[in-house]
Amino acid sequence: MNEFLDQYFPADFISDYITNTPDGLSRFQTYSLYRFFQAVSKIDKAFTHKLQEHFQAPLTEEPLETVLNYLSKDFFFSPGIRENSFDIFYLYYAITTVETQTDIEYIPSLIYSYCPLLGKMDFADVSTEIHADYKQETVFFGALYLISRSFSPLLTHYLPKFTAVYQEDFHFTGEDFVLYNFMDEYFEIKNCRNNPKYKELIDTLILATLNAFDTTIEQCTLAEGLPQLIRPYSKFAGLYRFGAFEGASLMDMTEATAMMKYLFEYAVAYELRNNLFDFHLEEDRIITLDNWKEKLKWYNTQYTNAFDLAISSFYAAAMSRKMLRIQYNENLKQL
C-alpha cells in the first residue's frame, strides 16, 4: 500500500466522519455519485445532455444555489469545480438523487451501463474483492456509490479495500482530510471536531487570534474593516493587490459569517498542526488535550499566520463564487 496516498483516502477517518456526522453518509453518497458523473463525462461527450434529459434540471439559478448550499456546509466531500465544465450540474444531479431518494433503478442501471463489471458484483458479501479493475475512475466511484447507497452498514469493511486501489489522480480528498486526520492521530481521539476538549482548544485559539487583531468574526466579513485589504502587507498580499472587494455582499450575511467562522477553525487548526510537529520533537513538550493550557505556546507569528489564512481563504472563496456564477450562466446557454 502507498502510505503517501493513504492519507488522501483515510479509511478510518472517513468511516468516523460518516458515522459521527448527521448528514455524513448522504454527503459521501452525493460526492461519490458526483465523481462518477464527472468521470463518465470525460469519456462520453454526450453524457451531460443525457443526464439533463433525464433530470430536467430547471434552466435557472436554482441548481447553482443548491450546489452553493452544499459546498458551504463543510470542507468534507466538497469538490473543486473544473473550469469550463458542467460540474455544477453533475453535483446538482447527485444532490437531487441523494436528497430525494429517487431514481432507485435509473442510477444503478446507468452505472452498470458504463461499468458492466459492477453489475456482476455481490457487495452484500463482505469477502468480495476490490481488485485492479477498480483503479478505473468510473468503477472506483461507481462502486463506492452503490455500496454506500444499498449496503451502507458494510462501508466500513470496504473502505480499506478501496484504499489499496486508490490512485493519486482521483483526488478523493484534500488538505482538510489530512489536517483533521492528523489531529485524530496526534491526540489519539476519534472525530476530533466533535470532541469537547478539542473544540475548546480550537475555540480558544480562534478567540485569541481575533482578540490579537481587535476584531470579531462578523467584522471580518466586511472588507472596509480589514487593514489587509486597504494596505496589503501579509504573505498573501498578492491576492489583494489585484483588487479587494466586499465578499460578504455576494452572499447572505448569516451565511458569510458561518463561512468565516469555519475558515477560522480550519486556519487555527492548520497553524496548530505546524506547531505540534515542533513540540513533538521533545517528549516533555508534547501537547495533549489535558495540558495545552499550560504548555502550548502561541506567539504573534501564529496569530498572524492563522488570521491571514482565514481572511485570504474567505475572499478567495467569495471570488470563486462570483466566477462560478459567470461560468454557470455560460453553461445554461449550452443546454
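Throughout, read-outs are computed from the coordinates displayed, never taken from laboratory work. Predicted model only: the values in this text are computed from it and were never measured. Cβ sites come from the backbone with ideal geometry, for glycine too, and all protein chains shown count toward neighbours.
Spin-label model, D203/E62: points 7 Å from Cα along the beta carbon direction are separated by 3.9 nm. Measuring from a point 7 Å past the Cα of A132 along Cα-to-C-beta, which residues in the stretch 162-181 have an amide N at less than 14 Å? It comes to 165, nothing else. Normalised by the number of residues in the chain, the average gap of Cα pairs under 8 Å and 6 or more apart makes the relative contact order 21 percent. Local charge for S72 was computed over the other residues whose Cβ lies under 11 Å away, with Lys and Arg +1 and Asp and Glu -1, and equals -2.
Report the residue, chosen from L207, L33, L144, that carries the largest GNM mean-square fluctuation when the chain is represented by alpha-carbon nodes joined by springs under 10 Å. Ranking L207, L33, L144 by mean-square fluctuation puts L207 first.
Considering only L155, F170, F182, whose Cα is most displaced toward the positive end of the charge dipole of the stretch 102-207, charges sitting on Cβ of Lys, Arg (+1) and Asp, Glu (-1)? Of the listed residues, the answer is L155. Projected area of the stretch 8-70, taken from the Cα convex hull and averaged over every viewing direction, in nm²? Mean orientational projected area (the stretch 8-70, Cα hull): 5.7 nm². Taken over the stretch 3-173, the convex hull of the Cα atoms encloses 117 Å³ per residue. Placing +1 on the Cβ of every Lys and Arg and -1 on the Cβ of every Asp and Glu, with nothing else charged, gives the chain a dipole about its Cα centre of roughly 640 debye.
Seen from T254, the other residues with C-beta closer than 12 Å to its C-beta sum to a net charge of -2, counting Lys and Arg as +1 and Asp and Glu as -1.
In debye, nearest 20: dipole of the stretch 160-223 around its Cα centre with unit charges on the Cβ of K, R (+) and D, E (-)?
Details: 5 positive and 11 negative charges, 56 e Å.
It works out to roughly 260 debye.
The modelled label-to-label distance for the pair S320/I286, using points 7 Å beyond Cα in the direction of Cβ, is 3.6 nm. Any chance you could check the Cα centroid distance between the stretch 117-186 and the stretch 39-113 for me, in angstrom? The stretch 117-186 and the stretch 39-113 have Cα centres spaced 20 Å from each other.
Using 0.36 nm per residue and subtracting the Cα-Cα separation, the extra length available between R273 and T216 on full extension is 18.2 nm.
For the pair S150 and T100, a Förster radius of 25 Å applied to the C-beta separation gives a FRET efficiency near 0.90, rounded to the nearest 0.05.
Over all other residues within a Cβ to Cβ distance under 15 Å of K50, the charged ones net out to -1, with Lys and Arg as +1 and Asp and Glu as -1. Here K199 is the anchor, and the lysines within straight C-alpha reach of less than 30 Å, apart from those fewer than 8 places off in the same chain, are K73, K190, K235, K261, K293, K295, K297. Convex hull volume of the Cα atoms of the chain, normalised per residue: 149 Å³.
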